[in-house]
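Below is one structure; the comments refer to it alone.
The values are calculated or read from the model by the stated rules, or taken from the named source; none is laboratory data. Here the structure is a predicted model, which is why all the values come from computation and not from measurement. Glycine also receives a Cβ, built like all others from the backbone with ideal geometry; neighbour counts cover every protein chain displayed. When the accessible area is computed, the model is the full protein with side chains, heavy atoms only, and any ligands, DNA or RNA have been set aside. Shrake-Rupley method; radii C 1.70, N 1.55, O 1.52, S 1.80 Å.
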Amino acid sequence: MSEQNLQLVRGIYESFSRGDVASVLGAMDPRIEWNEAEGFPYADGNPYIGPTSVAEGVFARLVGEWEYFKVDVEELLDAGDTVIAFGRYRAKHKQTGAAIDAQFAHFWWLRNGKATRFQQYTDTAQARAAVGS
């Protein structure tokens, strides 16, 4: 199951990079619990429950507020039913013009071929400065 979990998470990031949000949301359990890092601009809705909540509370805001928002995965770690991703966010905010280049760690919990839980860790100070808050 571990290789399948790695492939699932790898596919989520590949779909996200292509802008295929439908595939990203399709990889989520209907009751996924999604948490943005404390202090991140989109943590105001934590926990987001379900794919629709994630789409509206996180993804729509990313598309609406950032000129681009790249998620560059550098490493995926297999921890059985959990996959940990390390990488960098590279983004530019539309309104302020500020760019970020921030480390992240994502924890994905998986069951029956779906993502059931997500936790983000990142440099929230960089993100908040970029959005002007």
Q: Return only the number of the condition from (1) loosely packed, with under 13 Cβ neighbours inside 10 Å; (2) outside any helix (DSSP H, G or I) that residue 41 does not satisfy.
A: (1)
Q) How about region 26-38: which of its residues are touching a residue at least 24 places away in the same chain (Cβ under 8 Å), more than 11 Å from the chain's Cα centre (by Cα) and in a strand (DSSP E or B)? A) 28, 29, 31, 32, 33
Q: Pull up region 4-25, narrow it to residues that are in contact (Cβ under 8 Å) with a residue 24 or more places away in the chain and loosely packed, with under 14 Cβ neighbours inside 10 Å, then point me to the one that is nearest to residue 69 (Cα to Cα).
A: 17
**Q.** Criterion violated by residue 127 - all others in (1) surrounded by 18 or more Cβ atoms within 10 Å (Cβ to Cβ); (2) in a strand (DSSP E or B); (3) touching a Pro at 6+ places or on another chain (Cβ under 9 Å) satisfied
**A.** (2)
Q.
Take residue 22 and tell me if it is outside any strand (DSSP E or B), under 13 Å from the mean Cα position of the chain (by Cα) and among the small types (Gly, Ala, Ser).
A. no
Q: Could you tell me which residue of region 104-121 is nearest to residue 23 (Cα to Cα), considering only residues that are part of a strand (DSSP E or B) and open to solvent by 30 Å² or more (accessible area, probe 1.4 Å)?
A: 114
Q | For residue 58: the one exception among (1) under 23 Å from residue 133 (Cα atoms); (2) part of a strand (DSSP E or B) | A | (2)
Q. What are the pairs, 6+ residues apart or on separate chains, where a residue within region 44-56 that is open to solvent by 60 Å² or more (accessible area, probe 1.4 Å) has its Cβ under 8 Å from a residue that is outside any loop (DSSP other than H, G, I, E, B) and among the polar types (S, T, N, Q)?
A. 47/35
Q) Here are some residues: 62, 110, 77. Which one is within 19 Å of residue 13 (Cα to Cα) and over 15 Å from the mean Cα position of the chain (by Cα)? A) 77
**Q.** All positions within region 71-103 that are touching a residue at least 60 places away in the same chain (Cβ under 8 Å), among the charged types (D, E, K, R) and either in a strand (DSSP E or B) or open to solvent by less than 60 Å² (accessible area, probe 1.4 Å) (or both)
**A.** 78
